[in-house]
Amino acid sequence: MIHEALVKRGTVFSKRPKNQQRGPDHVAIVFGNGASWKELRKFISHTFHHLCFRKTGYTLEARITEELTYFTKKLMTFNNKNVNISHIVTLSLTNVIYSILHGRRAGYDDAKLKLYLEKQTEGFKVHVRTQVLNACFPFLHYLPGDLLNEKVRDTAIKRIVKYFDDICRYHYENYKLGDDNCFLDLWIAAKENNDLFRKVNLWAVLNDLMAAGSETTATTMKWVIIALAKNPYIQKKLQRKVDEVIDKGKSPSISDKMNLPYVEATILEALRFGSAVPLSVPHAVLHDTIFKGYKIPKEATILPNIFSVHFDPDIFPEPDAFRPERFLDEAEASIIRSEKLIPFSLGPRSCLGETLARMELFLYVTTLVQKLEFRAPDDVELPSLKGVFGLTRRPQEFKVKIRIR
Ligand code: HEM
C-alpha cells in the first residue's frame, strides 16, 4: 500500500502537511513544498553526487574515512571500560555531515556544535509534541500561554540561526571563486545566478541536512553496536569475514563492499530492525483523492508506517530476531534484496541522503569490527532490543565494554 501511494501515486501523496510549517520562515527541504522544494532537492542531489564522485580533492568517502580515524582513536581510549557511547556516536556522525557541508570537521570539543546539538534535541522534542497537538487541536495556537510550546521552539530556532550565521560568515569571507570542496562552496557559486538561492534561508537548508543526516545514521549505528554486543556469534562471524578480505593495517574502502556480503546483510538487518525513522516524515495529499475506497481530503496528513512493514512476520519471519542471514542466499555469497525493506521510504520524497548513509554505514561497521570488539558490560545487563519510539526509533540507553582487537 505504501508503494502504491508514494510511488504509483507519488505526485498526489508527496506533499508535506501545512501544519508542519507554522512558525518563523524556515521552510527548506524536509518540510518544503512546490517548485522551491523541487529545485532545492535537485540541487542537493547533484551536489552530493558531485562531492561523491569528484576526481580530485576530498570525496565523501575520504571525509568519512577521515572522521573514522578520529572516532576509532576516541573509542580506543575506552579500552576495557564499560561505556555509554551514544553521545560520541552522534558527535562522530554529525562531524561527517558537518565536514561535507563546511569542508572541515568541527571536532568533538567544539562548544558551539555541542550547544547546537542540545538546541536541536530540544527543538526535536518540542517539534514532535507540537506537531501532534497542532494536528489534533490547532485552536491551541490562538489561546493565551504557550500551549503548543511554540515560544520554546522559536527560542531554540533563534540560537540555531545564530550558530549557522556565524559559521557561514566565516565561510563567505574565505570563499574563493571556483572553490568546490564542500556543499557551502557549491551553494555560494549557485547563488550568484539563481533567484531561489537568494530567497531561501541558507541556515534552514544546512539545519535540515545536519538534522536529517546525523541522528538517523547515528541511531542505526547504535542499533548495530547493541545488536553485536548481544549476539557475539554475529560479531565473530563479521570479524572473520572482514579479516579475510581486508589486511589488518589497511583502512576499509567502499570497493571492499562487493567482497563482504555478510557486512552488507548485517547493515540491511540493522536498517530493518532499527527502523530508525519508523513513521517516515509526514506526507500530505495534494488534492481530494480516493485511495483503496477511502476518500482522503486535500491536505490530510499521511504517515507511512515503515515499522509495520519491517516487523510484519509474513514478510520478515521472526521479525524480533536480529538475523543478517535473512538477506543472504544459502551459500551466504550474495545478497537477497527485498523490495519490502524501505528504511529510506519511497517515491519522490524518499531520503535524499540514502547513498551517503549506505556509504557511512558500510565504512563505520567494517572499520569498527576490524579494530574493536563490543561486549556486554561486566556490571550491568544489556537492555532488551525493544526500541524507544520518537521521530526516530532508537535503542534503549546502554553501556558496552570495548576491547581493542
Ligand atoms: C540510516 C540513515 C537514514 C535513514 C533511515 C533515513 C530515512 C529517511 C526517511 C524515512 C525520510 C522521509 C522520506 C519521506 O518523506 O517519505 C528521509 C528524508 C530525508 N532524508 Fe534521510 N535518512 C537517513 C540518512 C540521511 C542522510 C545521511 C541525509 C543527508 C543529509 C538525509 C537527508 C534527508 C533529507 C534531506 C530528507 C527529506 C527529503 C524530502 O523531503 O524531499 N538522510 N530520510
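The values are calculated or read from the model by the stated rules, or taken from the named source; none is laboratory data. In this text the structure is predicted, and so the values were computed from the model without any measurement. Cβ sites come from the backbone with ideal geometry, for glycine too, and all protein chains shown count toward neighbours.
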| Does PHE362 fit the bill of being over 17 Å from LYS230 (Cβ atoms), within 16 Å of the ligand (Cβ to nearest atom) and in contact (Cβ under 8 Å) with a residue 12 or more places away in the chain? | yes
| Residue selected from the stretch 3-28 under the condition at pLDDT below 85, surrounded by 15 or more Cβ atoms within 10 Å (Cβ to Cβ) and polar (S, T, N, Q), by the criterion farthest from PRO348 (Cα to Cα) | ASN19
| remark: Residues in the stretch 381-399 that are touching a residue at least 12 places away in the same chain (Cβ under 8 Å) and assigned to a strand (DSSP E or B) total 1
| query | Give me the pairs: first residue in the stretch 334-353 and more than 20 Å from PRO282 (Cα to Cα) and free of Cβ contacts under 8 Å to residues at least 12 places away in the same chain, second residue of a type outside the set (Phe, Trp, Tyr) and more than 7 Å from the ligand (Cβ to nearest atom), beta-carbon distance under 7 Å, and six or more apart or on different chains, which are they? | reply | ILE336/LEU328; ILE336/ASP329
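For every residue, the table says whether it meets (1) under 13 Å from VAL263 (Cβ atoms); (2) out of contact with any helix residue (DSSP H, G or I) (no Cβ under 9 Å at 6 or more places or on another chain); (3) modelled with pLDDT of 95 or more; (4) surrounded by fewer than 18 Cβ atoms within 10 Å (Cβ to Cβ).
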{"residue": "ALA357", "(1), (2), (3), (4)": "no, no, yes, no"}
{"residue": "THR366", "(1), (2), (3), (4)": "yes, no, yes, no"}
{"residue": "ASP378", "(1), (2), (3), (4)": "no, yes, no, yes"}
{"residue": "PHE389", "(1), (2), (3), (4)": "no, no, no, yes"}
{"residue": "ARG393", "(1), (2), (3), (4)": "no, no, no, no"}
| said: Checking PHE71 against (1) closer than 18 Å to GLU354 by Cα; (2) in contact with a helix residue (DSSP H, G or I) (Cβ under 6 Å, 6 or more places away or on another chain), only one condition comes out false. Which one? | reply: (1)
| Taking the stretch 50-67 only, how many residues are away from the ligand (no atom under 15 Å from the Cβ), of a type in the set (A, V, I, L, M, F, W, C) and within 19 Å of THR366 (Cα to Cα)? | 1
| task | Could you list all residues from the stretch 168-217 that are closer than 15 Å to PHE43 by Cβ and among the basic types (Lys, Arg)? | result | LYS191, ARG198, LYS199
| request: Could you check the stretch 158-270 for helices (runs of 4 or more DSSP H) lying wholly inside it with 1 or more residues that are within 16 Å of the ligand (Cβ to nearest atom)? | output: 183-191, 195-199, 202-230
| Only one residue in LYS151, LYS125 is crowded, with 16+ Cβ neighbours inside 10 Å and modelled with pLDDT under 85, so which one is that? | LYS125
| message | Of all residues being assigned to a helix (DSSP H, G or I) and more than 16 Å from the ligand (Cβ to nearest atom) in the stretch 100-112, which is surrounded by the fewest Cβ atoms within 10 Å (Cβ to Cβ)? Just the residue, please. | response | ALA111
| Out of all the residues in the stretch 310-340, which are out of contact with any Phe, Trp or Tyr (no Cβ under 8 Å at 6 or more places or on another chain), surrounded by 14 or more Cβ atoms within 10 Å (Cβ to Cβ) and either within 27 Å of ALA229 (Cβ to Cβ) or of a type in the set (A, V, I, L, M) (or both)? | PHE311, ILE315, PHE316, ARG323, GLU325, PHE327
